[in-house]
Amino acid sequence: MAYNYLRNFLDPIDFHIDIYGKFIHITNYLKILTLSCNKIIIQVESCKIILEGRDFSLNKLADRELLISGRLYNMEIKYE
């Protein structure tokens, strides 16, 4: 497990989503398409990630990395 985490950190290929508690951590995204307190749409390599909920707040914005807090009610992945 530690090897996979380290490999993804050093050589990121695909996007990765971790959901824990009130936080959503996304890495290797391409673009933020929509950012509001109730809906966030993220463009990744081959799809769009649609997050719906309440009280979304952007806690960290780094190079290809997001940390969002809030109440997640629905997550949808739309492949293009």
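Numbers for the structure displayed
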| quantity | calculated |
| --- | --- |
| Selected residue (criterion: farthest from D14 (Cα to Cα)) from residues of segment 38-66 that are part of a loop (DSSP other than H, G, I, E, B) and modelled with pLDDT under 95 | D63 |
| Segment 10-20, subset hydrophobic (A, V, I, L, M, F, W, C) and part of a strand (DSSP E or B), residue nearest to K78 (Cα to Cα) | I17 |
| Residue that is surrounded by the fewest Cβ atoms within 10 Å (Cβ to Cβ) [pool: residues in segment 21-60 that are free of Cβ contacts under 8 Å to residues at least 12 places away in the same chain and under 24 Å from Y79 (Cα atoms)] | T34 |
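The values are calculated or read from the model by the stated rules, or taken from the named source; none is laboratory data. Just so we're clear, the structure is a prediction, and the values are computed from it rather than from any experiment. Heads up, the Cβs are rebuilt from the backbone with ideal geometry, glycines too, and the neighbour counts pull from every protein chain shown.
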